[in-house]
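Colleague: If you scroll down you'll find the structure; I have some questions about it.
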Amino acid sequence: MKSQTYKEIKDQYNRLEQTQKHLNESNMEIIEKYKKYGTIIYVGCGSSYCIAKSLSVATVMKLGKESFAISGGDLMQRIAEYRDALNNSLVVAISRSGATSEILLAFENLRKENINYETLSFSCRENQELARLSDYAIEMPWAFDKSVCQTSSVTNLYFAGMNLIARAAANDEMLESLSQLIISGNEFLSKTEETLAKIAGLDWDHGVILGDSEAAGICEEGALAFKEICQLPSNHYNLLDSRHGPIVMINAKTLVVMIISNINNDFELNLIEDLKKKKCTIVTVSGEALEISGTININVGFTLPYAVLGIPFINVVQMITSYKAELLNTDPDMPEGLDPWITL
């Protein structure tokens, strides 16, 4: 019997369709807040912190604003030290549950500071404490995962953040790509599943995830998926940074999953040649189909902006690790020692 995690991976694009509809109907006042503030700070824990990192980079690149991501636990403990950075900012919290202790305590502590700021939160449960503490809240209960391991919620939270950034930037290309991906998403999962299951069955025992810029945070979440879903070691590195030490640890037992921008990038192609010398399994994730000798290419069949490519990328990692968990007889629905959300 397939796990609950697997079922939620497969249902992601149906949930993304609901998220897109909800965002399209949302108050434009939130978009105006993205335009108003010169600094946008993202806060999250675990998977949500990974998403926060991606949204922060996208904010810099698409909106030209100052932005950074803070771990919820860090902000909770060091409000006073972050005080000047938080002044005159929009603070955006990301939480699957809307009940993550570190973020709630951070928002409560923030209220005690005499500074100018407003807060927005994204969560996948309704009527939670985080929404009460926020000036604006986007709640997406249809995206909530029953499994302890986050899959659908990760994708929907990432999508929601990128959608609002694209709307604030009036980036029609990015918005159209997000819409096109939702339309073709179920077909993408169906056509690639057999290949991804075969990749899971290959002889590897640890993962290395490679990705840059706006997708780097969601790539870091991909590395976390290895640890949580199939419970194997994994790390994320920026593409070319992998040469600066990490490549030493890559070997025939390594599964490398990388986002590749296009076939004409000689720097990326040269990196792949170096990786092939390590005899590892190399999976490339791209928009259009790319034929690169010695690699397995997973693609959606059309060009996507790098930030949007983070969505099919995380689908690929989730599906591979789900099948690997089945082969290893590990339980992705309730991994030992992991709770759906942390209560301090």
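Colleague: Take segment 249-286 and flag every residue that is assigned to a loop (DSSP other than H, G, I, E, B) and either at pLDDT 95 or above or hydroxyl-bearing (Ser, Thr, Tyr) (or both).
Modeller: Residues of segment 249-286 that are assigned to a loop (DSSP other than H, G, I, E, B), as a first pass: 250-253, 260-265, 277-280.
Answer for segment 249-286, where residues must be assigned to a loop (DSSP other than H, G, I, E, B) and either at pLDDT 95 or above or hydroxyl-bearing (Ser, Thr, Tyr) (or both): ILE250, ASN251, ALA252, LYS253, SER261, LYS277, LYS278, LYS279, CYS280.
Colleague: Name the one entry in GLU268, GLU288, GLU273 that is over 26 Å from SER3 (Cα atoms), touching a strand residue (DSSP E or B) at 6+ places or on another chain (Cβ under 7 Å) and in the same structural domain as ILE209 (by TED's automatic domain parsing).
Modeller: Answer to the check: GLU288.
Colleague: Here is a further query. Name the residue that is surrounded by the most Cβ atoms within 10 Å (Cβ to Cβ), counting only residues in segment 189-210 that are in a helix (DSSP H, G or I) and of a type in the set (A, V, I, L, M, F, W, C).
Modeller: Here is the first cut: in segment 189-210, the residues in a helix (DSSP H, G or I) are 189-200.
Pick out the ones that are also of a type in the set (A, V, I, L, M, F, W, C) and you get 189, 196-197, 199-200.
Numbers: LEU189: 20, LEU196: 23, ALA197: 16, ILE199: 21, ALA200: 20.
Per the criteria, the residue is LEU196.
Colleague: Out of ILE70, ILE41, ILE94, I need the residue that is under 28 Å from ASP212 (Cβ atoms), touching a Cys at 6+ places or on another chain (Cβ under 9 Å) and either assigned by TED's automatic domain parsing to the domain that holds GLY211 or not in a helix (DSSP H, G or I) (or both). Which one?
Modeller: On the way: ILE70 fails: touching a Cys at 6+ places or on another chain (Cβ under 9 Å); ILE41 fails: touching a Cys at 6+ places or on another chain (Cβ under 9 Å).
That would be ILE94, the only listed residue that is under 28 Å from ASP212 (Cβ atoms), touching a Cys at 6+ places or on another chain (Cβ under 9 Å) and either assigned by TED's automatic domain parsing to the domain that holds GLY211 or not in a helix (DSSP H, G or I) (or both).
Colleague: Might you let me know whether segment 160-178 holds any residue that is at pLDDT 95 or above, of a type outside the set (Gly, Ala, Ser) and under 30 Å from VAL248 (Cα atoms)?
Modeller: no
Colleague: Still on this structure: Which condition breaks for LEU90 when tested against (1) touching a Leu at 6+ places or on another chain (Cβ under 6 Å); (2) within 19 Å of THR39 (Cβ to Cβ); (3) buried (at least 17 other Cβ atoms within 10 Å of the Cβ)?
Modeller: Tallying (1) touching a Leu at 6+ places or on another chain (Cβ under 6 Å); (2) within 19 Å of THR39 (Cβ to Cβ); (3) buried (at least 17 other Cβ atoms within 10 Å of the Cβ), LEU90 fails exactly one: (1).
Colleague: All but one of (1) over 19 Å from the mean Cα position of the chain (by Cα); (2) modelled with pLDDT of 95 or more hold for GLN318; state the number of the condition that does not hold.
Modeller: So GLN318 meets the others, but not (1).
Colleague: A further question on this structure: Against the condition over 18 Å from CYS50 (Cβ atoms) and either touching a Cys at 6+ places or on another chain (Cβ under 7 Å) or not assigned by TED's automatic domain parsing to the domain that holds GLY46 (or both), how does LEU196 come out, does it pass? It would help to see each step written out before you state the result.
Modeller: Working: over 18 Å from CYS50 (Cβ atoms): yes; either touching a Cys at 6+ places or on another chain (Cβ under 7 Å) or not assigned by TED's automatic domain parsing to the domain that holds GLY46 (or both): yes.
When the stated conditions are applied, LEU196 passes them.
Colleague: Here's something else I'd like to know. For segment 237-246, name all the residues that are surrounded by fewer than 20 Cβ atoms within 10 Å (Cβ to Cβ) and either under 23 Å from the mean Cα position of the chain (by Cα) or within 21 Å of ILE320 (Cβ to Cβ) (or both).
Modeller: Step one: list which residues in segment 237-246 are surrounded by fewer than 20 Cβ atoms within 10 Å (Cβ to Cβ), which gives 238, 240-241, 243-246.
Hits for segment 237-246 are ASN238, LEU240, ASP241, PRO246.
Colleague: Right, next: Hey, among the residues in segment 26-46 that are modelled with pLDDT under 95 and of a type in the set (S, T, N, Q), which one's surrounded by the fewest Cβ atoms within 10 Å (Cβ to Cβ)?
Modeller: Going through the qualifying residues, I end up with ASN27.
Colleague: Something else about it: Among the residues of segment 290-298, are any surrounded by 21 or more Cβ atoms within 10 Å (Cβ to Cβ) and either closer than 26 Å to LEU175 by Cβ or at pLDDT 95 or above (or both)?
Modeller: Narrowing segment 290-298 to residues surrounded by 21 or more Cβ atoms within 10 Å (Cβ to Cβ): 298.
Those still in the list that are either closer than 26 Å to LEU175 by Cβ or at pLDDT 95 or above (or both) too: 298.
Yes - at least one qualifying residue is present in segment 290-298.
Colleague: Do we find a residue being in a helix (DSSP H, G or I), within 30 Å of LEU110 (Cβ to Cβ) and in contact (Cβ under 8 Å) with a residue 12 or more places away in the chain anywhere in segment 181-188?
Modeller: Quick first cut of segment 181-188, residues in a helix (DSSP H, G or I) only: 181-188.
Next cut, within 30 Å of LEU110 (Cβ to Cβ) only: none.
No: segment 181-188 contains no residue that is in a helix (DSSP H, G or I), within 30 Å of LEU110 (Cβ to Cβ) and in contact (Cβ under 8 Å) with a residue 12 or more places away in the chain.
Colleague: Can you pull out every residue in segment 1-17 that is under 18 Å from the mean Cα position of the chain (by Cα) and of a type outside the set (Lys, Arg)? Give the steps one after another, and end with the answer.
Modeller: We begin by selecting, within segment 1-17, every residue under 18 Å from the mean Cα position of the chain (by Cα); these are 5-6, 8-17.
THR5, TYR6, GLU8, ILE9, ASP11, GLN12, TYR13, ASN14, LEU16, GLU17, listed by residue number.
One line per residue, one yes/no per condition, for (1) part of a loop (DSSP other than H, G, I, E, B); (2) over 19 Å from the mean Cα position of the chain (by Cα); (3) more than 29 Å from PRO332 (Cα to Cα); (4) not assigned by TED's automatic domain parsing to the domain that holds SER213:
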{"residue": "ALA52", "(1), (2), (3), (4)": "no, no, no, yes"}
{"residue": "MET76", "(1), (2), (3), (4)": "no, yes, yes, yes"}
{"residue": "GLY98", "(1), (2), (3), (4)": "yes, no, no, yes"}
{"residue": "PHE107", "(1), (2), (3), (4)": "no, yes, yes, yes"}
{"residue": "LEU110", "(1), (2), (3), (4)": "no, yes, yes, yes"}
{"residue": "GLU113", "(1), (2), (3), (4)": "yes, yes, yes, yes"}
{"residue": "GLU118", "(1), (2), (3), (4)": "no, yes, yes, yes"}
{"residue": "ASN127", "(1), (2), (3), (4)": "yes, yes, no, yes"}
{"residue": "LYS146", "(1), (2), (3), (4)": "yes, no, no, yes"}
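Colleague: For segment 230-248, state whether one or more residues are outside any loop (DSSP other than H, G, I, E, B) and within 25 Å of ARG15 (Cα to Cα). Give the derivation first.
Modeller: Restricting attention to segment 230-248, the residues satisfying the condition of being outside any loop (DSSP other than H, G, I, E, B) are 230, 234-237, 240-243, 246-248.
Right, trim to within 25 Å of ARG15 (Cα to Cα) and you get 230.
Yes: one or more hits.
Colleague: Which members of segment 130-146 meet the condition of being of a type in the set (Asp, Glu) and either surrounded by fewer than 20 Cβ atoms within 10 Å (Cβ to Cβ) or touching a strand residue (DSSP E or B) at 6+ places or on another chain (Cβ under 8 Å) (or both)?
Modeller: Of all residues in segment 130-146, those of a type in the set (Asp, Glu) come to 135, 139, 145.
Matches in segment 130-146: ASP135, GLU139.
The values are calculated or read from the model by the stated rules, or taken from the named source; none is laboratory data. As the structure is a computational prediction, the values presented were derived from the model and not from experiment. Neighbour counts run over all protein chains shown; Cβ positions are idealised from the backbone, glycine included.
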